[in-house]
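Chemist: Here you go, one structure.
The values are calculated or read from the model by the stated rules, or taken from the named source; none is laboratory data. The model shown is predicted, which means the values in this text are computed figures rather than measured ones. Reconstructed Cβ throughout: ideal geometry from the backbone, glycine too, with neighbour counts over all protein chains shown.
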Amino acid sequence: MRVADLVDPWLYRHPFEGRSAHRYEEIERCGFGDLDDRLIAAWRDELAAARRFLDVGSGPATFARRLAAAHPHLAICGAEPSRDFARPGAGWAVVRAAGEQLPFIDGAFDRGLCLSSIRHVANRAATLAEMRRVVRAGIWIVELDPDADSDRRHNHTRAMRSRMLRLAFGPLVLATAPTADDIGAVAERAGWRVASVRRDPIQPVYVLALV
């Protein structure tokens with residue numbers, strides 16, 4: 001058993017509020033570079049066919065903003081438990097809600113996403129089951145990859161705006177992230193099927209496509 005498996009139930013399993021929200025939005029989120037645009041480009045066909053999109057754990061709406069610009073036909077809704085992040089913008093709506101209790105009717109959305117957020121929910125199984133209930137066609141889980149090599153890790157940390165956080169990212173944040181196998185197993189128990197697993201070539205993340 002990894003040490004990370006022992007500490008995972010206690011680390012980062014809460015919304016970003018106050019100083020942690022500010023730190024993530026202003027200092028940490030920039031580490032992902034152009035990942036949002038590259039994901040949107042990779043999912044072009046699926047997004048073009050969708051009409052309603054759910055972003056669970058939407059944070060400061062960085063992805064929603066880029067998605068709204070690329071696909072103005074989409075009705076985008078974020079579900080975000082943080083009072084600091086649950087704010088709508090041009091082209092997307094936000095409800096303040098936890099992933100374990102999504103306030104939507106069955107099949108309300110065509111596609112969904114958790115981008116660096118499934119690790120933060122208190123109950124991953126319940127969140128994935130709720131997403132199974134409200135999303136019809138499929139979702140993507142994009143999460144930090146504890147197996148990422150040093151090049152991918154460096155691509156992330158060099159863009160972060162804090163030397164202390166750059167030093168802590170590898171041993172504290174990345175190493176304690178849940179693996180793709182772990183999340184895939186939880187997702188399948190929640191009723192999803194893992195259609196594909198892809199490691200991003202630039203950023204230290206994996207992408208699970210669930211249907």
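Chemist: Among the residues of the range 182-211, write down those that are free of Cβ contacts under 8 Å to residues at least 24 places away in the same chain, closer than 12 Å to Glu143 by Cα and in a helix (DSSP H, G or I).
Modeler: Matches in the range 182-211: Asp182 only.
Listed here are the residues, each with its yes/no results for (1) closer than 24 Å to Asp55 by Cβ; (2) modelled with pLDDT of 95 or more; (3) surrounded by 15 or more Cβ atoms within 10 Å (Cβ to Cβ).
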| residue | (1), (2), (3) |
| --- | --- |
| Val134 | yes, yes, yes |
| Val142 | yes, yes, yes |
| Pro146 | yes, yes, yes |
| Arg152 | yes, yes, yes |
| Ala168 | no, no, no |
| Val173 | yes, no, yes |
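Chemist: Considering only residues of the range 14-34 that are of a type in the set (D, E, K, R) and assigned to a loop (DSSP other than H, G, I, E, B), which is surrounded by the fewest Cβ atoms within 10 Å (Cβ to Cβ)? Spell out the reasoning first.
Modeler: Looking only at the range 14-34, we keep the residues that are of a type in the set (D, E, K, R), and these are 17, 19, 23, 25-26, 28-29, 34.
After this cut, where a residue has to be assigned to a loop (DSSP other than H, G, I, E, B) as well, the list is 17, 34.
Working: Glu17: 13, Asp34: 11.
Top of the filtered list is Asp34.
Chemist: Among what's in the range 107-136 and is of a type outside the set (Lys, Arg) and in a helix (DSSP H, G or I), pick the residue that is farthest from Val205 (Cα to Cα).
Modeler: Val134
Chemist: Can you pull out every residue in the range 162-181 that is part of a helix (DSSP H, G or I) and more than 19 Å from Ala122 (Cα to Cα)?
Modeler: Arg163, Met164, Leu165, Arg166, Leu167, Ala168, Phe169, Gly170, Pro171
Chemist: Of all the residues that make up the range 153-181, how many are small (Gly, Ala, Ser) and free of Cβ contacts under 8 Å to residues at least 60 places away in the same chain? Break it down into steps so the answer makes sense when it comes.
Modeler: Step one: of the range 153-181, the residues small (Gly, Ala, Ser) are 159, 162, 168, 170, 175, 177, 180.
Subsequent filtering for residues that are free of Cβ contacts under 8 Å to residues at least 60 places away in the same chain retains 168, 170, 180.
Adding up the residues that qualify gives 3.
Chemist: For the range 74-97, which positions are in contact (Cβ under 8 Å) with a residue 60 or more places away in the chain and either surrounded by fewer than 21 Cβ atoms within 10 Å (Cβ to Cβ) or more than 15 Å from the chain's Cα centre (by Cα) (or both)?
Modeler: The answer is Arg83, Asp84.
Chemist: I'm trying to understand the selection: among the residues of the range 35-72, which are more than 15 Å from Gly138 (Cβ to Cβ), in contact (Cβ under 8 Å) with a residue 24 or more places away in the chain and in a loop (DSSP other than H, G, I, E, B)?
Modeler: Gly57, Ser58, Gly59, Pro60, Ala61, His71 - these are the residues of the range 35-72 that are more than 15 Å from Gly138 (Cβ to Cβ), in contact (Cβ under 8 Å) with a residue 24 or more places away in the chain and in a loop (DSSP other than H, G, I, E, B).
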